[in-house]
Amino acid sequence: MSTAIVAFAVLSVCGTGFAAVHDYHNDYFFAVGDAFIFRGGREGLLNSSAEALKTWADFGQVAPGVSNGQSEIRIDKLEFHRPRNVASQYGSDEGWTGLVQAVVFEVNDRDKIGYSSPAGYRYCCTKELVPKTKCHLNRLIYQEGSNGWPKVIDIDFEDNQTIAKPFEATIPIQASGMYYLWFVHCDEELSAATVAGQTTWKNPGGYLPGMMYPHIAFFAVMSLAYLAVMVVWLLLYVRHWADIFMLQHFMMAVIVMGMLEMIAWYLDYATFNVTGRRPVLPTLWAVLVGCLRKTIARTLVVMVSMGYGVVLPFLTDVQKKQVLAFSSVYFISVTALDIITNVGAIDDLTSTARLVMLLPVAFLDAIFILWVFTSLSATLRTLQSRNTTVKLQLYRRFTNALAAWVWISAAWVAYEMYTKVTDQYNEGWRWDWVTSDFWHVLNFVFLCVLAFLWRPSASATRFAYSAVEDNDDLAALETGKPPPNGQTSPKRQTPRTRQPPVGNGFVHVDPEEAAKQN
């Protein structure tokens, strides 16, 4: 049994499948035990509706439309090629001279494929195994259940032909599950054979794989959620335009990018569901917008942690270079990772390239967390030394929110690792969407916290860079309301060289003067 598990795991990472329409480009078979196997794909499929099965599937027909309630695997437009020197060994009237078998099975039926013998796991039938398994000589060993599964289709090479084509076959799905398609042969002469063409997999609601189908509704809801936040923020943004400072420009950019990302992912999955092929350009656009949003968000958090916009009027040249270098490297790394993960992909199989690209992103995230909390510690010490009560309270709230984000993220990563280890065959595929979409929800909630803490207000710019604090004035910064009677405290009326806010929201501060103040 252990040998079977190892073999199944190996086959699960071999082969390619780029959409609900799985394309094959003259791909070779892999030698697995005593057989040659090519993994044609796997998908989570929901059961067909009772009406679709009764009206269409029983007659081997396909109901019109995409959302027709019928779930199926169509094996058509396939070609198997064998070398010319192999085909030339046979005459023009010798009948069947080579065999490839297509086997479709649900993951819980994996033990019905092959036979565990003392000499190892066997996939091909031999004379000594015929009485034990009732198999057919030189064919795939499988045990057909009472429900007629697994499904096996023979594709024969005839005479001295180099190409074998199957008869078009549609396999209706009557029970939900994770389904696999393998192409198998037991002939050493076909070791150099290749497979080309396509197979089509469809769910009741369209071509989107079952593990991805909930993404459509999820990203539609998230698009509306971001739109709601953007409308509220934009109203405050316009109302207090003269008092906007730099951090709030960054916040606006993150909110807009988040909404655009959600819309892009919705269009990506909606198009995929209708066409059966994952569109490259919409997916690439969603990836790029998402990576830009992640980069800007991290840049914003780093700058806030340094105290920029609230404690410091500007960043030093060294700090600017550090932030720019980190943001650039992070954007490049996370873009490469997300392109490999999403563009053209339909399942959760982990490629070697993805594992390689995951390492630099994980390393940069570790640097990001360490950098943020180190900067926050220094900023909190500065605020405590100045006895700026309200700003200190503001930063403590930000620190608590950030710490909660880190702990929740770490807990979710641990949960993901646990599910990967305990669910080797992805039998819990129906909840795969939760694993990935959780990060969008977590980041959205954290963005809402930041947006609330640094929301535009009538007093934001007046107090943003002040080193001399007054409780009434700082309370106005927190509540967004002007001081009592619209007056600043006597402290505020001491002579100071400071330019008033201008219409574009930027405050011009002389560096030397700001350094003295801070």
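Within segment 286-311, the residues that satisfy the criterion of being open to solvent by less than 10 Å² (accessible area, probe 1.4 Å), farther than 17 Å from Ala325 by Cβ and not hydrophobic (A, V, I, L, M, F, W, C) are Gly290, Gly307, Gly309.
If you go through segment 10-17 one residue at a time, do you hit one that is at pLDDT 65 or above, of a type in the set (Gly, Ala, Ser) and on the phi < 0 side of the Ramachandran plot? Checked segment 10-17: no residue is at pLDDT 65 or above, of a type in the set (Gly, Ala, Ser) and on the phi < 0 side of the Ramachandran plot. The single condition among (1) modelled with pLDDT of 90 or more; (2) outside any helix (DSSP H, G or I) that Phe373 does not satisfy is (2).
Enumerate the pairs (first residue in segment 387-404 and in contact (Cβ under 8 Å) with a residue 40 or more places away in the chain; second residue anywhere and of a type in the set (Asp, Glu) and outside any helix (DSSP H, G or I)) with beta-carbon separation below 6 Å, excluding pairs fewer than 6 apart on the same chain, so at least 6 apart or on different chains. Matching pairs, first to second residue: Thr388/Glu469.
The residue of segment 342-353 that is modelled with the highest pLDDT, among those that are open to solvent by 40 Å² or more (accessible area, probe 1.4 Å) and assigned to a helix (DSSP H, G or I), is Ala353. Is it fair to say Ser67 is touching a residue at least 24 places away in the same chain (Cβ under 8 Å) and open to solvent by 80 Å² or more (accessible area, probe 1.4 Å)? Taking the combined requirement at face value, the residue satisfies it. Taking the condition small (Gly, Ala, Ser), assigned to a strand (DSSP E or B) and over 23 Å from the mean Cα position of the chain (by Cα), does Gly145 pass? In short, no. Can you find a residue in segment 210-233 that is in contact with a strand residue (DSSP E or B) (Cβ under 6 Å, 6 or more places away or on another chain) and not in a helix (DSSP H, G or I)? Yes - at least one qualifying residue is present in segment 210-233. Can you find a residue that is outside any loop (DSSP other than H, G, I, E, B), surrounded by fewer than 21 Cβ atoms within 10 Å (Cβ to Cβ) and more than 39 Å from the chain's Cα centre (by Cα) anywhere in segment 109-121? Among the residues of segment 109-121, at least one is outside any loop (DSSP other than H, G, I, E, B), surrounded by fewer than 21 Cβ atoms within 10 Å (Cβ to Cβ) and more than 39 Å from the chain's Cα centre (by Cα), which makes the answer yes. In segment 370-388, the residue that is farthest from Ser305 (Cα to Cα) out of those that are of a type in the set (Val, Ile, Thr) and surrounded by 15 or more Cβ atoms within 10 Å (Cβ to Cβ) is Thr388.
Considering the conditions (1) within 29 Å of Ile113 (Cα to Cα); (2) touching a residue at least 24 places away in the same chain (Cβ under 8 Å); (3) over 21 Å from the mean Cα position of the chain (by Cα), Glu188 is excluded by exactly one of them, (2). Being under 24 Å from Ser377 (Cβ atoms) and either crowded, with 17+ Cβ neighbours inside 10 Å or touching a Ser or Thr at 6+ places or on another chain (Cβ under 7 Å) (or both) narrows it down to one residue among Ser409, Ser457; which is it? The unique qualifying residue is Ser409.
The values are calculated or read from the model by the stated rules, or taken from the named source; none is laboratory data. In this text the structure is predicted, and so the values were computed from the model without any measurement. When we count neighbours, we look across all protein chains shown, and the Cβ atoms used for this are built from the backbone with ideal geometry, even at glycine. Note: accessible area is taken over every heavy atom of the protein model, side chains too, but ligands, DNA and RNA are not part of it. Shrake-Rupley method; radii C 1.70, N 1.55, O 1.52, S 1.80 Å.
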